[in-house]
Amino acid sequence: TEVEAIEALARLPGVAVRISYDVRRTRLHAKAWLFRRASGLHSAYVGSANLTQTALGAGQEWMVKACAADLPHVIEKFTGTFDSLWNDPEFEPYTCVPEQQDRLRRALHAERGGCRDEESQVLFALRPFPFQEAILDRLEAERTLQGRWRNLVVAATGTGKTVIAAFDYLRQTDRRGGLRPRLLFLAHRRELLEQARATFRSVLQDRAFGELWTDGALPQQWEHVFATIQSAAPELLQRFSPDHFRHVIVDECHHTPADSYQRLIPALQPEVLLGLTATPERADGRSLLEDFGGHVAAELRLWHALDRQLLVPFEYYGVSDGVDLQRLRWSRTGYATSELSNLYTGDEARVDLIVAQLHRRVVDLRQVRALAFCVSVEHAEFMAGALSRRGLPALAVHGRTPDEVRAAAPRRLREREANVLCTCDLYNEGIDFPFVDTLLLLRPTSSATVFLQQIGRGLRLDHGKTSCLVLDFIGQHRSEFRFDAIYSALTGIPRSRIQKDFEQGFPYLPSGCVLQLDAVARERLLASLRASLQGRLVRDLKELAQDGTPSLASFLEATGREADEVYRGDGSWSKLKAQAGLVPANDAETLDLTRRLGWLLHVDEPARLQTWTILIEQASGGQMPPLSPLDRRRLHMLDFQLQHRGELRVAEETARDLGSRPAVRAELRELADHLRARISLVTDDYPVESWPLALHRRYGRREILAAIGKVDAEQKRSTTQGGILKLESERRELLFVTLDKSASSFSPTT
């Protein structure tokens, strides 16, 4: 791109120009033209041609012309795609003002290898991307609604974690009325500190923000300090009290279990502790979650990162290996490791299959840089030897490997002295090898988290790397094996829809991704998905209840399930516990009422959840306090949603009835806890004072009618089917617009 060309375009009458300054990735390389006609017979040209004299004349170019008369769907897709790009905040208007000219020249100069120092990056008008905004909103909800101020953010390398941290700090500053809290930013390298300080300066629009504490350099003000852990750990607590810095950020915080961090982090007492990492678990098994309340506050989903091309796309192939796993012992953590190891170690036929699949997918095996995930040390050693004997140099790297061999292994893989590292529980997590381009999944993984961590080892961006090949060798599994959880985590498709998408060939994968299974593996997987969902739920609950009856929220978190799976059909949490033998079965009326609690899964307004649980609990003890008009309507909303026939009861009767049913009361309380923890947006904006309806919250039609007083106590129930609802006395109109919002119609990134 030439600045002069952009400026010439922007100065043409009627021309508008928008530019993306994100030079890390190429999201738009299309060359296409749409010529609109008043008659409606528009035409589009799509292809490789530039709009130059040569291209339009004697040049040999390949293009496709589409006319609205013949291919209207192409014109519609063209227009929709263009509009989505044009309205993406990443593409910013360019109007040739001096500030924009300077920014464009700087960006082009930096991309061509020019100066990239701090000063060249300072004071660009940064804005968070939508996925970063979502993480910022989640952090705000964690603190405001959950009272959690020690927060861990997990996002892939290259997704702008430091930008998120800077905007989070800006939000905390705004919350304090513009007063900046004392900041401590910790990292383990000076380069990271310099980049972070440059980012903060741009976000805060302050060229003088921040002081470095590293390599002998000491801050003067000690207000906003960017320090290496090597400098801060020995001296910080000698210089200041533990609460001196009110806002502490730990970059690459998977290092926090290290002794140098543990001497400092637990002793600090900031108002906000924010950890940033791409890898929430360490290879040495030492957990970093303890410093952050045992909880990941926010994470960037894999499919969102793929859609924004922050990771390379995967090419996943599931291959049936013929190994029968159905007789192996099974526990909550999966198959018995020793039995798996005995089955795989020494299986030369399986190795032949692995090599044959590599030959099928890769042109030159000596160019491969692969990680092979094995079940045990013995399996890793066997695989390394077997692959090497077949002409594919491989190393076994595991916990027993000598330190010098283990340290040299990544370099040998990068330089292709070895083409495969066969590992056991070493490179699942916490290690970043961006050059890895092939993954061999040689052991079954029942944990969706571990599965994603293994896949993530190969998705890092690297020079010359366009995709990551994933070969998953699939055996004949026991019925307990959770295919639905694994593939739902990989694709972002809800488990309720995963079977349908498998049958259709996964039409909504992120661009460039491939997910294919051979015929045998596909049939086995579909058979597993067709098995009874309720039966799997009962089995999962029984296994988890060996350590005590879990709450609904802890059950969902431990199993990776969603609440709608529990409430599907005539299901409920009480019914599931009864089926698992944890509680006595309820009477038919109670069962029906707990089933209808599934009609509340959309609720995301904190005030509603709090009102329900408090008032119903008070009513159960015979203490019914006077109700405010808003609380009265919130109870009407609950009753109208749960009771579809008859008259709407007075609010006090609703509270007393629900409070008199212990099973219903307990389940509603647990459901409210789960829904409250799921809220990711903090807002308290009620545009009509007398209506308990908040902006940016979700309500059913019946709930809206109760909230606005369209139906009241002891009135026959009625609903509106859509269109316009006029409230003459209040001089207001409600517009009900029918949208296609079903999950079956959209991909996770639509």
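So, counting K/R as plus one and D/E as minus one, what does the shell of residues with Cβ under 12 Å around ILE486 add up to? Result for the local shell: 0.
Here is the link list: LYS31/LYS465; LYS161/LYS500; LYS500/LYS710. Which ones come out longer than 29 Å on Cα distance? The pairs that break the limit, which is 29 Å between Cα atoms, are LYS161/LYS500; LYS500/LYS710. Over all distinct Cα-Cα pairs of segment 455-580, the Kirkwood formula returns a hydrodynamic radius of 16.5 Å.
Once the mean of 1/r is taken over each pair of separate Cα atoms and inverted, the chain shows a Kirkwood hydrodynamic radius of 29.9 Å. Between SER84 and ASP518, the FRET efficiency from the beta-carbon distance, with R0 = 30 Å, is close to 0.25. If you count the DSSP beta bridges with both ends in the chain, what percent of them are antiparallel, to the nearest 5? If I count the DSSP bridges inside the chain, around 30 percent turn out antiparallel. Under the shape rule built on the C-alpha gyration tensor, where the axes satisfy a ≥ b ≥ c, segment 306-531 is oblate, since a/c reaches at least 1.5 while a/b does not exceed b/c. For segment 130-300, the Kirkwood hydrodynamic radius comes to 16.0 Å, computed from all pairs of different C-alpha atoms. For the pair ALA588 and SER628, label points projected 7 Å from Cα toward Cβ lie 4.2 nm apart. Which translational diffusion coefficient, to the nearest whole µm²/s, is obtained for segment 551-718 from the Stokes-Einstein equation, given a Kirkwood hydrodynamic radius over C-alpha pairs, 37 °C and 0.692 mPa s? Value of D from the Cα-based Kirkwood radius: 200 µm²/s. Between ASP712 and THR449, residue separation times 0.36 nm minus the direct Cα-Cα distance comes to 89.9 nm.
Farthest toward the positive end of the dipole of the chain, out of HIS602, LEU693, LEU735, is the Cα of LEU735, where the dipole comes from beta carbon charges about the Cα centre.
Students often get this wrong: which residues of segment 64-103 have the backbone nitrogen under 20 Å from the point 7 angstrom along Cα-to-C-beta of ARG11? Under cut-off, by backbone N: 93-103. Our note on the geometry: Cα centres of segment 654-686 and segment 223-250, 41 Å apart. Of the beta bridges in segment 130-300, as assigned by DSSP with both residues counted there, near 5 percent are antiparallel. The local environment of LEU681, defined by Cβ-Cβ distances under 12 Å, has a net charge of -4 under the rule Lys, Arg +1 and Asp, Glu -1.
Each semi-axis of the equivalent ellipsoid for segment 501-553 is √(5λ) with λ an eigenvalue of the Cα gyration tensor; in descending order they amount to 32, 15, 9 Å. Working from label points 7 Å from Cα in the Cα-to-Cβ sense, the SER511 to ARG175 distance is 3.6 nm. Annotation: for a label point projected 7 angstrom from Cα along Cα→Cβ of ARG18, residues of segment 94-110 with backbone N closer than 19 Å are 94-97, 100-101, 104.
Quick note: the coordinates plus some simple rules give every number you see, no bench work behind them. Remember, predicted model here, so these are calculated numbers, not experimental data. Because the Cβ atoms are built from the backbone with ideal geometry, glycine has one as well, and the counts that use them run over all protein chains shown.
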